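Below: one structure, written as structure tokens.
Every number in this text was worked out from the coordinates using simple rules, so none of it is lab data. What you see is a predicted model, and the numbers here were worked out from it, not measured in a lab. Here Cβ is always computed from backbone atoms with ideal geometry, including for glycine, and neighbour counts include all displayed protein chains.
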Amino acid sequence: MTQAPHQPLSPEGAPKVELPDESALIAKLKAGDAAAYERVVREMGGRMLAVARRILVDENESQDAVQDAFVSAFRNIGKFEGNSQLATWLHRITVNACLMRLRKKRRQDEVSLDGLLPSFAADGHPAHAVSAWKHAPSGEELAETRNSIRAAIEKLPEHYRIVLVLRDIEGLDTAQTAELLETTEAAVKIRLHRARQALRELLDPSFRDEGHEG
Amino acid sequence: MSAGAPKEFSDLVSRLESGGNITCRDCSEFLMAYLDSELGTDIRTRFEQHLDRCCSCRNYVESYRQTVQLAKEACCPKANPHLGKMPPELVSAILSSLGCPGGPKKP
């Protein structure tokens, strides 16, 4: 099988760019052209795998989800009406494949965030004063800081982590997230807010500026 | 209403209508609604008046904003190019499952 000369389908993380040859590519996919399948797998696979890794964390599960997503996408390519870009459509299918795996793996029971949410006295005042935060470091320290932030996200109970990943990292809106998680928009908003609060609490010891209260 | 259950929000509205003040707990509970501009004008104004006089809540709002931004930056593709690397075996497995004969090729 030969690989046709082409432009990259879409840079990772930038699915909004419409390619001049996208409609021709989609026509080939709909016609079952193996070279077109291969091109999409080679060029979009990495981006889809990155999404799966962010959502599932586990490497084997992530790879399996991407495989599921491609099989599902190409099986249903006839239904793709071109209302969104191919990259956006594949992103959505990948997220769905990941969520299916999470559902199979374990029930997503609500886990308490006790200890990671702000606490208040009966009169509504905070139990502890909140300190200002330092700016994130730059240069060599930046990579280490980002690692610790990703580790903190992974510590969030899955019920909350998944909403934070879909909304704040994958960039889905509240309605899309609610539909994918089969819940209400109000529930998504509450879980997102709690997830952000819990993440803030986890990051607080590293970012708190002890010498500056405000 | 964003963040904070509807009942809690209606309780806040009743409390404010009967002359009560926004508390630090309210600030924490309705912060996302505030940042998403989902609070009504009156409550938003009262919210901001509280922030003007409460250093702890100002710090909380700012660190919450920073948290969202830091999470985005820490997980963005640019900061994690390794996440988008496809193992050649996975490419082969996918192509095989699609009935394509293609295996790993040189980049």
Paramagnetic label zone (point 7 Å from Cα along Cα-to-C-beta, A:N147; backbone N under 16 Å) in segment B:67-92: B:74-75, B:79-83
By how many degrees, between 0 and 90 and to the nearest 10, does the Cα long axis of helix B:55-75 differ from the longest principal axis of chain B? 10
Rounding to the nearest 10 and keeping the result within 0 to 90°, find how far the Cα-based axis of helix A:185-207 lies from the longest principal axis of chain A. 60
Cα-projected label distance for A:A186 with B:R15, points at 7 Å along beta-carbon direction, nm: 1.9
Can you tell me, using C-alpha contacts under 8 Å and at least 6 residues apart, the relative contact order of chain A as a whole percent? 20
In degrees, nearest 10, range 0 to 90: what is the angle between the Cα axis of helix A:140-155 and the longest Cα principal axis of chain A? 90
Where a Cα-Cα gap under 20 Å defines reach, which aspartates and glutamates qualify for A:K30, not counting those fewer than 8 residues away within the same chain? A:E18, A:D21, A:E22, A:E38, A:E43, A:D68, A:E81
Report the extension gain between A:K155 and A:D21 in nm, rounded to one decimal, defined as 0.36 nm multiplied by the number of residues separating them, less their alpha carbon distance. 44.0 nm
